[in-house]
1. With only alpha-carbon atoms counted, please give the Rg and Dmax of region 88-269, in Å.
2. Tilt of helix 60-72 relative to the longest C-alpha principal axis of the chain, in degrees (0 to 90, nearest 10)?
3. With θ set to phi - 60°, apply the Karplus curve 6.51 cos²θ - 1.76 cosθ + 1.60 along region 73-78 and write out the HN-Hα couplings as whole Hz, x wherever there is a Gly or Pro.
4. Round to the nearest 10 and give me the degree value, 0 to 90, for the angle of helix 2-30's Cα axis relative to the longest principal axis of the chain.
5. Quick one: helix 257-266 against the long Cα principal axis of the chain, what's the angle to the nearest 10°, folded into 0 to 90?
6. Between beta-carbons, use under 10 Å as the cut-off and find the net charge around G258, counting Lys and Arg +1, Asp and Glu -1.
7. So what are the ³J(HN,Hα) numbers for region 114-125, from phi and the Karplus equation (6.51, -1.76, 1.60; θ = phi - 60°), rounded to whole Hz, Gly and Pro as x?
8. Classify the chain as rounded, prolate or oblate, taking a ≥ b ≥ c as the square roots of the eigenvalues of its Cα gyration tensor: rounded when a/c is under 1.5, otherwise prolate if a/b is larger than b/c and oblate if not.
Amino acid sequence: MALFIVKRLGLALLVALAVSAIAFILLRVSGDPAIAIAGEGARDIDIEAARIRHGLDQPLLVQYFIWLGQILQGNFGQSVFYKTDVLPLITSKMPITLSLGLFAIAFALLISFPLGVLAAVYSNTWIDRLCLSIAVVGQALPNFFFALILVMIFSINLRWLPVSGSASWMNYIMPTIALGYYVTPAFMRLIRAGMIEVLSSDYIRTARAKGLSSTSVIFKHALRNAVMPVVALTAVQLGYLLGGSVVIETIFALDGLGFLAYQGIIHKDFPIIQSVVMILSVVYVLLTLLSDIANAWLNPRLRGQ
């Protein structure tokens, strides 16, 4: 198990390093940071001075290693727009994004498990087709459009929920539903497929032959073995939700990392954009690493891979 963790940790570090390099290069190609630093309407001499002062006149590879070295020392640079260090900005807004991601994944699992179990138990019936239809709608409906529908119904028409802000738990209800519903189909289909496979196995038939109730067979024996693939998918989808919260946080004005990234894009604040992309990428890689370790712990056959 220790050797498996060391191998996966090394792979995770390589992936994080590759992602940081790709993100850095793509952001540099998308525009000249010196222009954003100097400000709109700046003279060419001011832009050149900003470029020299921040080391942007050096080769791209040299810039990357300087930036990476600063990141490893905890120096994420200074925001061009907010005129303050980037790291305190990120740490102050991270809890909102993490809370939203965890709420969304919990909502997705809460919906997916009953739908997946029902679809598997009543496979190839109208109940199965209904559950699959609910899942397909979630996959086909863009989360930003679904978010606007929620706002129209629950905020504008019914006036039950606040439209924006993060002052109370009620502010998280609509963002959680909008973000979590989009990943529900993936969980639901995986649970359904796992349950169908497990329910057709020999030990389940033996359990039924012994006279165990359907509830005991489904929830005590079948579901326990069918949820193993969900562990890996949960970590991956949580990472996706954290990275994909930009649109939802912007719509509902949740002052998290997603909204900070949006502000960085609007104001061409390269230090903020680079730092948010880097941090969310590392979080995604770490979640994937944890899911691999959890799967290896649950299934010893995976440790030799």
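What follows is calculated from the coordinates using simple rules that are stated; it is not laboratory data. Given the structure is predicted, the values throughout are model-derived calculations rather than measurements. With ideal geometry, Cβ positions are generated from the backbone for all residues, glycine too; neighbour counts draw on all protein chains shown.
1. Cα only, region 88-269: 19.3, 67 Å (Rg, Dmax).
2. The helix 60-72 is inclined about 70 degrees to the chain.
3. 8, x, 9, 9, x, 10
4. The helix 2-30 is inclined about 50 degrees to the chain.
5. With both axes taken from Cα atoms, the answer is about 40 degrees.
6. -1
7. x, 5, x, 5, 4, 4, 6, 5, 10, 4, 6, 10
8. Oblate is the answer for the chain, as a/c is 1.5 or above yet b/c matches or exceeds a/b.
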